[in-house]
Each structure stands twice: as C-alpha cells, then as structure tokens.
Amino acid sequence: MVLDEILKTVEKPARYIGGEYGERDLVWNKFNCCICFPDVYEVGMSNLGIRIVEESLMQVDGVTVDRAFTPWEDFGNALRENKIPLYSLGLKKPLKDFDMLGFSLQFELSYTEVLRMLDLANIPLLSCDRDESYPIIQGGGPCAFNPEPIADFFDLFVIGDGEEVMQEIAKLKLKYDSKAEFLQAVSTLDGVYVPSLMQVNYGDNRLISGVSGKTRVKKAVCRDLDSAVFPNSMTVGNIEAVFDRAVIEVMRGCPRGCRFCQAGFLYRPIRFRSVETLKKQAISLIENTGFDELSLNSLSTGDYPCLLELLKELKKSLPKTQIALPSLRVDSFSEEFTTQSRKSSLTFAPEAGTQRLRDVINKDVTEDEIERCILRAIETGITSIKLYFMMGLPTETDEDLDGIVNVVYKIRELYSKNRKMSKSLRISVSCSTFIPKPFTPFQWERQITKDEFEQKIARLKEKLFVKGVNFSWNNFEVSELEAVLARGDRRLSKVILSAYRSGAHLDAWSEFFKPEIWDSALKEHGLSASDYTREHKTDEILAWDFVDNIVTKDYLLKEKEKAYSRTVTGSCFNGCKGCGLQKEYRCKL
Amino acid sequence: MIIFRYSKLGGAEYISHLDTLRHIGKTLIRAKISVEYSQGFNPHMQIYLSPPVFVGLKSRSEYCLVETDEKAQSFIEKFNRYSPKNIKCITAFETQKKHKIAGLIDSAEYIFFCENKFDTNKILSQNEIFVDLKGVSKDIRNKIIDLNFVTDNVLIARLSFGNDLLRADIFAKYLTDNFTKVLDYEKTEAFISGKRPEDCLE
C-alpha cells in the first residue's frame, strides 16, 4: 500500500513494477542472482549483455535470475524515506536477500549508482564490511577490464565474455557455502578477478610500485559464438526503452583496430554468427516480442562478411520488420543497405577532420570514401547528416580542427550540387573529447586540459556557426572524470565513496552531474584529476596491467609508434597483424 | 473493425496512455492479428484508444478500436494469449463504423473504497463545489453526476469524463478532505450518453 502511494507520486512509475510481457515466472531457488543495472530502466532494458548473462545463468539447474535497475531520484528518495529496501522487479524481493548481485558496468560514470543501489538495498558499500549474510557483489561488462577504481566495493569481477564463465561461477556458488572458499575457487577461472586476493603497493613517487598475491587475470573468451547462449525471447519494457527493438549480435570483435577505440581491443578475437543461426534468432525474437524493428548489432556491422545474404534472408522471413544497421562505417555504406530503409538521416563518424589524423588513429577511411558515401546518401534522398568527431587526439593541430570544418563545408557543397530533395540539408556535428582508454595503443596518452579544450571549442564554434549546421560538444568535466575513472587505480575507491557520500549520483545524467563534488573528493584523498589524465610513461606499471587482454603490450606499443609515424595498420581482413590473439585463437576471417 | 474493452490492473495502471498503445500494437503483432496500416511515409497501425486515464488509475473499462477483419471471439482469445499479463481484453464486438471513441465517451463510473459511509446528498444537493486545482479554484459540482453507496464502504460514483473530465484522484481527495478517507478506487465503466459503448455502438 505504501509502495502504491509512492508509485502514484513519482515520474514514470512503470519503471518499478515489473510484470513485463515475456518475463519468466520466477521462483526462489537454491542460488538466486539479481542482475543490477546501474542506470535507469529504459536504458537498462536496451542492454543486450545483461539479457545474454540472464539467459546463460537460467540454464544452470537450481539458479534463478531476477533484475533491478537504478531508481530515478524521486523514487530512490521515497524508498529511503519510507524505509523500503530496493527490490528486484520480478520477485519483488529485497536485493539483500539474493545470493549474488551482478552489476553490469557499461560506463564509468555509473559507479556512484552502484553505490546508491547497494545503499538503497541496505548493503554495506565496502566488501570488507560485508559478512556472509550479505550477497556476493559481482561486476562485469566493459568497465570491468580496469576494475581497480571500484575494487573496494566488489567481491569479484568477470573480465571478458560473460556467458560461459557466469555459469561456472553459479555452479561453484551452489557448491561452496563459505564466501572465502567460494572466492578462492572462482579465482582460478579465466576471467575472474577477486580484488581481495591481490595487493597493490605504491612507491614514494605515488605511482604503483608493484602488485602481490594473485597478480594475473586472463580475460574470458567465448570461443564459439555461433553456438553460444542467446536469448530467443526478451521482455518488452513497460515503458519505451531508449532502443525499443529486437537485437541480434551478428559478430563480436572488430577487425579495424582504431587506436582510440577500447571496445575494438577488448572484444577481440573476431567471431561471427552464421546467417542460419542469426535468421533463427531474429525470427524467434520478433515472434516472441512483437517488435517491428530488428537491430543487427556489432562493433562494425558493415564488416560482417555475409551481411547482404543475411539482409536478403531477413527480408524474406520478416518482410514487415524494419532492419536497423547501427555502427556502419563510411566505406561500407552501400546502396543495398540503404534502399530498403525509409530513413531520411544518416549518421557516421569520421572521428578526425584530416587524412593525416585519421591515419594517426588508424581510422582507415579516405577523403574519397567519405565523399562517395555522402554522394550516395544524397542520391537516396537523405536530408539530414549527423557527424561524430573527436578532439584532443594525440598529435592534433589547429589544421586538423579546421579539417572538421572542411568536411562540413564539403558536404554542403556536395548537397547543393547533387540534391534530390527540395528540403535544405541539416548537418549536426558532435564533437567529443578524446579519452585515453586502457588496453588501447593510446592508453599512455594524456588528455587535453580545460584550457586547450576551450580554445579548440572556440575555434570550431566560430567556424561552424553556419546556417543549417548544429554544432554540439561534450562537457569537459564529464570527459575528464571518465578518463580519471577509466585509467584509475585502487586509491579511487575512497574518492568514489567520498563523492557518493557528498551527494554524487546519477552522474551520467547532466542534470545531476556536479564536478565540484568530484574535485573536492579527489583533493580530500590527496589526488587530482591530472594524476590520471597525464601522459603515462611506457615503462610505468599501469593499474590494469594485471589483466591479460591477450592482445600484447608490445603490440600496443608498436601501434602507438605507428600512430606517431602516421602509419595505417588497416583491417584484420587484409592479413593478421599479430596482436597476440593469434597465439591462442584463430580469428576466422 | 473491432472495438474491444480491456482492463489495466495489477500494476498495468502505472503504464502510460502512449505505452499502453505501444503494448496493444505489439500484442496484435505477436497474436498475428492482421491490422490495417496507414499509408503515409511512416506507416502505423490503425488503432484508436478511448480518452486517456491518468497514470495510476486502475481500470476495467478502457476501449480500443482496431481496423481488422478478425472476428470478436477469436480476437479476444488471441489478444489475451499474447497481451501483457495485466492488460486483458474483457469483451469485444464487431463494428462497421470507425467510431471516434476518444471523443464519444463522456462519463465514467468508479468504485471508491471509503472508510465510512456518509450521506451523499450532502454533495448532490449543493449547487457548486469549489476545489483547488493546481492553485486555481474550480467548480466541480456539474461534473459529479451520481453517487450511491452500495455497502457501508463502497461508493459508486459517476463522474464526467472525456473533454469535461473530473479526475478520480481529485474527487478522492475532495471526499477525504470533507467526508471520509478514500482507501482506494478504480474505474469500472465508461459511458456514451449514459450507455456503455458495447450497448450503443453498432
């Protein structure tokens, strides 16, 4: 009744009621895991990773999997005021009653939400304060590759592909009652990191001097994607999800190796699903959900070798379903893909404005290819173009920024000469600040300072203040914090805790993000953002060095050197580049 | 064409009007009920809902018109097999005319579960009743059509709906502030000039 009263007063109460179409009938089991998504319902409901993990865990006998999302501020406050602990959506059980909470870590700025969810569930935030009566707190997803900033809050992390290792973890949890025994047992699995089993030492220079204990964790790799677990149905959100559509994963990994792109290195080796498998999964998802749109997901769907065959098959089997192709590269944008789409807008990401800088970042796209792509788009009747660029990339000069402007002007020129529609062209240019991420060839690079950021933005703003062009950019403080948390070490756990205690929450939402809280939290612990955004020496021990991403550090160093000599490495399709994975996996290209 | 009546209970009352439309659309696709689509640039299903109810109002009397050749009985069965568990079709009938149900429904009946019974004439005998609506004082008397206690705790109220709406939560607050605490309420019927749509639309 109290909950009903609360639901009547909060925004979008359907986020908190469960009972979605397609929800499984859950029963309390021997091992109960709740997958926690530290962002709001409509964001989490679009996430494919948590659905794969949920499906994979449900296949283990004796296991039940439920879901929970972070509540919006109004509902969170109401739960607190009424002393209602945060509950799961399916069984409506307090999170504290579960055996394990599995957090999906998609974005560094969601870390304070992990703490808020634990806090709302009345679970101590630090792992050392939790005894056997509390659930095991596990984290996974891309941010788990450098879990050190949040090491103090978690009992274990899954690093790499989750679908197989999560099943092993569940089986071990069914076997061991004692938390210590369980953690010891799982720590032997590939892809499992137990922070309490590794100690980090710092030298007088405030840098990491060494690690002891269990000091090497190799990422988990699902070898055969085609036969890997994939949900043949999905719950249809009570409210519209940000991507309200069915999703299949055509391949994992990306052959391109853009030097700034973390996902491109984390998700190696490249693995494909067969057209036959994908067709089966697509039909089953559409029939079971009623979605009228199907998205073919991967890091670079245009590189899926059988894309045209797959599109043909899907069109035959699902004639009424709109097919979405996210992450299409400029050079893979062909008419076959677009003629069946009714979309009037095109989004693509040249990332850098000049050929020189695109070579530096290994974005293997030429001026000609961009031009051809734009021309084709204009011919198919597109009237709105969205461009993504980065600024602050290594070696960037004013000329490269002017290159962004030139790309925009060139597109306007092409449109005026070749337009098919009477409507005038709208170009939206979105510029984000480069964030040096772990496990990329740019992991040692520095991030630009606020002064540099302001100068660069001013330069672009002046030249992009043109009719029909909308220029937008990311908040610098958000990018800076993302860099700090992405490259952070264990000392940041205290900073994150302080920031949370001082009111930081829902940081990924601009209306809640308060940079001053983070500034003082860093200061409080004798740190500053520049400790993490500075250039790192190549012989320094990096906080994430203990994680074996299989791609070797030597390869990353070579790629860094090639960046500075403006040498393009190119796609894995043009021959193996020897990143390290070839020693254990054969990328089937 | 089919007009069907459905309920939103057990949590589904928190699903907004637009999301309800979305769920009905998806249910029809899953149930493989063939529905006409608009002919525009972005074709959409030809389905029309009765006037929106506010988020949080439990209801057993929502209506929807669907452009389909499906027969009523099989429509009910198929819809309920594939609909979310708390959005259920109660009845359906075939119609030849594309009735604009959103504009036709003008009153609704509600059950109010009250702590105590009171003399409803104290309300009905008044000529005007002013309540505060977001800082503006408004007369709601003409929107209260009928009130009748069927047991000591259950009040059946007919209130104006559609263009001249009196929201049930506002009426519940008025009752709580002036007569008796309202514990819960739900919408049970919708009317077109005093008749239920299933009894008057052909």
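Readers should treat all values here as calculations from the given coordinates under stated rules, not as data from a laboratory. Bear in mind the structure is a predicted one, so any value in this text is a computation, not a measurement. No Cβ is skipped: glycine too gets one built from the backbone with ideal geometry, and neighbour counts run over all protein chains shown.
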In whole angstrom, the spacing between the Cα centers of the range A:355-405 and the range A:24-84 equals 40
Interatomic Cα distance distribution for the protein assembly as shown, bins of 10 angstrom, percent: 2, 12, 19, 23, 20, 13, 7, 2, 0, 0
What distance in nm separates the simple spin-label points at B:Phe54 and B:Asp69, each placed 7 Å from Cα in the Cβ direction? 4.4
Once you put a point 7 Å from the Cα of B:Ile90 and another 7 Å from the Cα of B:Asn163, both along the Cβ direction, what distance in nm separates them? 2.6
Any of A:Lys320/A:Lys417; A:Lys219/A:Lys456; A:Lys218/A:Lys523; A:Lys12/A:Lys514 with alpha carbons more than 27 Å apart? Name them for me. A:Lys320/A:Lys417; A:Lys219/A:Lys456; A:Lys218/A:Lys523
Taking A:Val43, A:Val53 and counting other C-beta atoms within 10 Å, the order from fewest to most: A:Val43, A:Val53
Output field shielding_mean for B:2-11 (other chain Cβ, 10 Å radius) holds 1
Quick check for you: which residues of the range A:7-40 have the amide N under 18 Å from the point 7 Å beyond the Cα of A:Glu73 toward its beta carbon? A:9-13, A:39-40
Sorted from fewest to most neighbouring beta carbons within 10 Å, what does the list A:Trp28, A:Trp509 look like? A:Trp28, A:Trp509
What FRET efficiency comes out for A:Leu308 versus A:Lys386 if R0 is 25 angstrom and r is the Cβ-Cβ distance? Round to the nearest 0.05. 0.50
Give me D for the range B:80-181 in µm² s⁻¹, whole number, from Stokes-Einstein with Rh from the Kirkwood sum over alpha-carbon pairs, 4 °C and 1.567 mPa s. 82
Sort out for me the Cα centre separation of the range B:170-202 from the range A:157-226, rounded to whole Å. 59
Collect residues whose amide H, placed 1.01 Å from N in the peptide plane, falls under 5 Å from the amide H of A:Thr433; neighbours closer than 5 in sequence don't count. A:Met391, A:Asn474
Answer with one residue from A:Tyr41, A:Asn29, A:Leu3: the one whose Cα lies farthest towards the positive end of the charge dipole of the range A:1-45, charges on Cβ with Lys, Arg +1 and Asp, Glu -1. A:Asn29
Vicinal HN-Hα couplings computed from phi for the range A:354-365 (Karplus, 6.51 cos²θ - 1.76 cosθ + 1.60; Hz; Gly/Pro x): 10, 4, 4, 6, 5, 5, 4, 8, 6, 8, 7, 10
For the range B:122-137, what does the Karplus curve 6.51 cos²θ - 1.76 cosθ + 1.60, with θ = phi - 60°, yield as ³J(HN,Hα) per residue in whole Hz, taken in order and with x for Gly and Pro? 4, 8, 5, 7, 7, 8, 8, 9, 9, 10, 8, 10, 6, x, 10, 7
Among B:Ser193, B:Asn86, B:His44 - extreme Cα towards positive end, dipole of chain B, charges at beta-carbon: B:His44
If you average over every viewing direction, what projected area does the convex hull of the Cα atoms of the range B:6-54 give, in nm²? 4.1
Rg followed by Dmax, in Å, when chain B is reduced to its Cα trace: 18.3, 57
Relative to the first principal axis of the alpha-carbon coordinates of chain B, what is the inclination of helix B:168-178, with its axis defined by its Cα atoms, in degrees from 0 to 90 and to the nearest 10? 10
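Compute the orientation-averaged projected area for the range A:343-583 from the convex hull of its Cα atoms and round it to one decimal in nm².
One quarter of the hull surface, i.e. the mean projection, equals 15.3 nm².
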Rounded to 5, percent antiparallel among DSSP beta bridges of the protein assembly as shown: 55
7 Å from Cα along Cα→Cβ at both A:Thr366 and A:Gln322: what's the point-to-point distance in nm? 3.5
I need the chymotrypsin sites (Phe, Trp or Tyr not before Pro) found in the range B:8-45, filtered to DSSP loop residues with at most 13 other beta carbons within 10 Å of theirs. B:Phe41
Given backbone amide H placed at 1.01 Å from N, residues whose amide H is under 5 Å from that of A:Val247, ignoring those fewer than 5 places away on the same chain, are A:Ser295
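If you place +1 on the Cβ of every Lys and Arg, -1 on the Cβ of every Asp and Glu, and leave all else neutral, what size is the dipole of the range A:343-583 about its Cα centre, to the nearest 20 Debye?
Result for the range A:343-583 is approximately 940 debye, rounded to the nearest 20.
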Give, as a single signed number, the net charge of other residues whose beta carbon lies under 14 Å from the beta carbon of A:Ile404, with Lys and Arg counted +1 and Asp and Glu -1. +2
Tell me, what is the FRET efficiency for A:Glu5 and A:Ser422 to the nearest 0.05, using R0 = 41 angstrom and their Cβ-Cβ distance as r? 0.15
Under 19 Å from a point 7 Å along the Cα-to-Cβ line of A:Lys96: which residues of the range A:160-182 have their amide N that close? none
Could you pull the Rg and Dmax for the range A:25-175, using just the Cα atoms, both in Å? 14.1, 40
Using the Cα centre as the reference, give the magnitude of the dipole from point charges on the C-beta atoms of chain B (Lys, Arg: +1; Asp, Glu: -1; all else neutral), rounded to the nearest 20 debye. 540
222 nm mean residue ellipticity, helices alone, for the protein assembly as shown (DSSP H n ≥ 4; -39,500 (n - 2.57); rounded to 500): -9000 deg cm²/dmol
Need one number: convex hull volume per residue for the range A:442-589, Cα atoms only, in Å³. 194
Sort B:Ile140, A:Ile496 so the one with the fewest other Cβ atoms within 10 Å of its own Cβ comes first. B:Ile140, A:Ile496
What does the charge dipole of the range A:111-256 about its Cα centre add up to, to the nearest 20 debye, if the Cβ of each Lys and Arg holds +1 and the Cβ of each Asp and Glu holds -1? 400
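First measure r as the distance between the Cβ atoms of A:Leu126 and A:Glu293, then evaluate 1/(1 + (r/R0)^6) with R0 = 41 Å and state the FRET efficiency to the nearest 0.05.
Using R0 = 41 Å, I get an efficiency of 0.45.
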For a distance above 23 Å, tell me the whole-number percent of Cα pairs in the range A:162-306 that qualify. 56
Prolate/oblate/rounded label for the range B:2-103 (Cα gyration tensor, a/c 1.5): rounded
For the protein assembly as shown, whose charge dipole is built from +1 on Lys and Arg Cβ atoms and -1 on Asp and Glu Cβ atoms, the candidate among A:Ile427, B:Ile129, A:Thr538 with its Cα farthest towards the positive end is A:Ile427
